[in-house]
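See structure below.
The values are calculated or read from the model by the stated rules, or taken from the named source; none is laboratory data. This structure is a prediction, so every number in the text was calculated from the model and none was measured. We place every Cβ from the backbone using ideal geometry, glycine too, and count neighbours over all the protein chains shown. All accessible areas refer to the heavy atoms of the entire protein, side chains included, with ligands and DNA or RNA removed. Shrake-Rupley method; radii C 1.70, N 1.55, O 1.52, S 1.80 Å.
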Amino acid sequence: MLLLHCPLPLLLLLLPLDSKPQKLPTRDEELFQMQIRDKAFFHDSSVIPDGAEISSYLFRDTPKRYFFVVEEDNTPLAVTVTPCDAPLEWKLSVQELPEETSGEGSGDSEPLEQQKQQITNEEGTELFSYKGNDVEYFVSSSSPSGLYQLDLLSTEKDTHFKVYATTTPESDQPYPELPYDPRIDVTSLGRTTVTLAWKPSPTASLLRQPIQYCIVINKEHNFKSLCAVEAKLSSDDAFMMAPKPGLDFSPFDFAHFGFPADNNSGKERGFLKSSKFGRQTSPKPRADLHRVCIGNKNIFTVSDLKPDTQYYFDMFAVNTNTNMSTAYVGTFARTKEEAKQKTIELKDGKVTDVFIKRKGAKFLRFAPVSSHQKVTFSVHSCLDAVQIQVRRDGKLLLSQSVEGVRQFQLRGKAKAKYLIRLKGSKKGASMLKILATTRPNKQSFPSLPEDTRIKAFDKLRTCSSVTVAWLGTQERNKFCIYKREVDDNYNEEQKKREQNQCLGPDTRKKSEKVLCKYFHSQNIQKAVTTETIRGLQPGKSYLLDVYVIGHGGHSVKYQSKLVKTRKFC
């Protein structure tokens, strides 16, 4: 397979103008080594071998197109696109090659002009499309032969991106594999320090490949890729300079793949020589973003932080052989206050996010400004169960464990003040949302039934669909259902580790969305709805999630359901 990023007419002009077969090389053929000797051909067309990652640049509203040829039917194929600092729109399509150039490439080829006419006149079949800033991929275990076309577009701003494609995904595995629990644990929290721990990548522990871990710390948000971190770090560096008009941008070091570097030709064409992690120069220090690579350790203490400040932590496993990386599930934590911990003031009707370290506690205070008959506390525990205690003017009114969403309604009292104590889980850090109000109609969280399980009907399973049901309430709410294919060895323990009920549908990929609908029933006994999810693959396991979205926009996830389609029908 050969990747070419250039307009189709240029691609065709680059092919030899003779009557011999017009055949693009693959890395499995000796002929490939002869066909790639001309480095000017590489510089002009950004050709890279099968199984390598390229870095490139997009001008806003200016599409870019790549081509690659799969010469044989039933070929495995994997394409990964990594946006760096802006969302991308991209799609992958395929069109048939002229009959004489497919398969083994034997026989006499059609003249070039006839091939050109055939290729350019066909629109191709779209295989996959995506819009967003997630690292997204297309994988097929059996792809047809043909000319594959990858179109990319950035509508937000000029941006970098990365593309990786291979016809041997099972053996290549250039991206480090994540452990079964890909979360970062906050094991210790101080005023100026945070200690992080994570499970090692199986790529290092089992496959014995060289893995380096890089930690990223900032105060704004979590990052989805190391490429996005590089873009942020290097926004003022030469790495982020836009290429000159008329020239391609490809910071690709040919020496990594057996090609001697040609510094003169690179300088003449304005190319940047890549170094580790695609860097050309050391990034300028930024006060709000730090990156440190710590080798193969799986515990690290971040120091010199500010007290009472929330930080976001991301961890990336980097394969030092390929310089390609995979992101762990990021986390965040607030450092301890310099003095005695202050009590968080709750405002009437406003949702407050609370983070509690392992075995830690937080105190909140609610002082209604007006007289009230009742006060309602709504608590949404994102991960494990938390303990809540509520005292009114020193008197204990409530002491319970909360898992998921719970609502407590207490009698009010004029000029009363409420002190809430939240105690975290012994298993790990806790995150939750809490709302206190004296107005019974001011409810940001949606109402939930007592049973938030999803039921699957085994007798209604087919090779391509499953039928599920869940309970609703008398309140009209919006329900959205999502599906995600998982491995056959995916179990309930793994499902529990990944649960974060505070993450809403906006964190899911668009391709995972099944549908959204409104539902309620005045008769609580009949408040049940069913849905058939179609278009599934035979013998595959899927994780199903149902989100209920309240009038205030806050969502709550039902308990995830693991289902499997029938293998034979």
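Wholly within the range 450-569, which strands (runs of 3 or more DSSP E) include no fewer than the required count, namely at least 3 residues that are under 30 Å from Leu435 (Cβ atoms)?
Working: elements: 466-471, 477-486, 513-519, 528-533, 541-549, 555-557, 561-564.
Output list reads 466-471, 477-486, 513-519, 528-533, 541-549, 555-557.
Listed here are the residues, each with its yes/no results for (1) within 23 Å of the chain's Cα centre (by Cα); (2) under 28 Å from Ile184 (Cβ atoms); (3) β-branched (Val, Ile, Thr); (4) surrounded by fewer than 18 Cβ atoms within 10 Å (Cβ to Cβ).
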site: Ile481; (1), (2), (3), (4): yes, no, yes, no
site: Asn489; (1), (2), (3), (4): yes, yes, no, yes
site: Leu503; (1), (2), (3), (4): yes, yes, no, yes
site: Glu512; (1), (2), (3), (4): yes, yes, no, yes
site: Pro538; (1), (2), (3), (4): no, no, no, yes
site: Leu544; (1), (2), (3), (4): yes, yes, no, no
site: Ser555; (1), (2), (3), (4): yes, yes, no, no
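Of all residues in the range 392-418, those that are of a type in the set (Lys, Arg) have Cβ atoms under 7 Å from Cβ atoms of residues that are part of a loop (DSSP other than H, G, I, E, B), 6 or more apart or on another chain, in Arg392/Lys413; Arg392/Ala416; Lys417/Ala367; Lys417/Asp393. When the range 120-131 is filtered for residues that are over 14 Å from Phe68 (Cβ atoms), at pLDDT below 90 and either small (Gly, Ala, Ser) or not in a strand (DSSP E or B) (or both), the ones remaining, listed by number, are Thr120, Asn121, Glu122, Glu123. Looking only at residues in the range 383-392 that are outside any loop (DSSP other than H, G, I, E, B) and open to solvent by 10 Å² or more (accessible area, probe 1.4 Å), the one that is nearest to Arg358 (Cα to Cα) is Gln387.
Any idea which of Leu147, Leu226, Leu178 is aliphatic (A, V, I, L, M) and not assigned by the TED database to the domain that holds Thr335? Walk me through how you get there before you give the answer.
On the way: Leu226 fails: not assigned by the TED database to the domain that holds Thr335; Leu178 fails: not assigned by the TED database to the domain that holds Thr335.
On inspection, the qualifying residue turns out to be Leu147.
Among the numbered conditions (1) closer than 20 Å to Trp198 by Cβ; (2) open to solvent by less than 30 Å² (accessible area, probe 1.4 Å), the only one that His380 does not meet is (1).
Considering the range 174-184, and only residues there that are charged (D, E, K, R) and open to solvent by 20 Å² or more (accessible area, probe 1.4 Å), the residue that is farthest from Tyr312 (Cα to Cα) turns out to be Glu177.
Going by the conditions given, is Lys478 among the basic types (Lys, Arg), modelled with pLDDT of 90 or more and more than 30 Å from Gly552 (Cα to Cα)? No: the conditions fail for Lys478.
The residues on offer are Lys415, Lys359, Lys350, and the sole one that is modelled with pLDDT under 90, more than 19 Å from Ser444 (Cα to Cα), open to solvent by 30 Å² or more (accessible area, probe 1.4 Å) and under 35 Å from the mean Cα position of the chain (by Cα) is Lys359. Looking only at the range 407-465, residues that are more than 25 Å from Lys374 (Cβ to Cβ) and of a type in the set (A, V, I, L, M, F, W, C) come to 7 in all.
Here is a yes/no grid of residues against (1) out of contact with any strand residue (DSSP E or B) (no Cβ under 8 Å at 6 or more places or on another chain); (2) closer than 22 Å to Val139 by Cβ; (3) modelled with pLDDT of 85 or more:
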| position | (1), (2), (3) |
| --- | --- |
| Leu471 | no, no, yes |
| Asn489 | yes, yes, no |
| Ser511 | no, yes, yes |
| Lys517 | no, no, yes |
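Among the residues of the range 40-53, is any open to solvent by 50 Å² or more (accessible area, probe 1.4 Å), among the charged types (D, E, K, R), in contact with a Phe, Trp or Tyr (Cβ under 8 Å, 6 or more places away or on another chain) and modelled with pLDDT of 50 or more? Within the range 40-53, none of the residues are open to solvent by 50 Å² or more (accessible area, probe 1.4 Å), among the charged types (D, E, K, R), in contact with a Phe, Trp or Tyr (Cβ under 8 Å, 6 or more places away or on another chain) and modelled with pLDDT of 50 or more. Would you confirm whether any residue within the range 430-439 is in contact (Cβ under 8 Å) with a residue 40 or more places away in the chain and surrounded by fewer than 16 Cβ atoms within 10 Å (Cβ to Cβ)? So far as the range 430-439 goes, yes, one or more of its residues are in contact (Cβ under 8 Å) with a residue 40 or more places away in the chain and surrounded by fewer than 16 Cβ atoms within 10 Å (Cβ to Cβ).
A quick yes/no check of all residues on (1) of a type in the set (Val, Ile, Thr); (2) open to solvent by less than 20 Å² (accessible area, probe 1.4 Å):
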| position | (1), (2) |
| --- | --- |
| Val135 | yes, no |
| Gly146 | no, yes |
| Ala165 | no, yes |
| Asp172 | no, no |
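Among residues of the range 127-170 being touching a strand residue (DSSP E or B) at 6+ places or on another chain (Cβ under 8 Å) and basic (Lys, Arg), the one that is nearest to Leu233 (Cα to Cα) is Lys162. Whether a residue is over 21 Å from Gln409 (Cβ atoms), open to solvent by less than 50 Å² (accessible area, probe 1.4 Å) and of a type in the set (A, V, I, L, M, F, W, C) was assessed, and Phe316 passes this test. Of all residues in the range 325-345, those that are aliphatic (A, V, I, L, M), open to solvent by 10 Å² or more (accessible area, probe 1.4 Å) and assigned to a strand (DSSP E or B) total 3.
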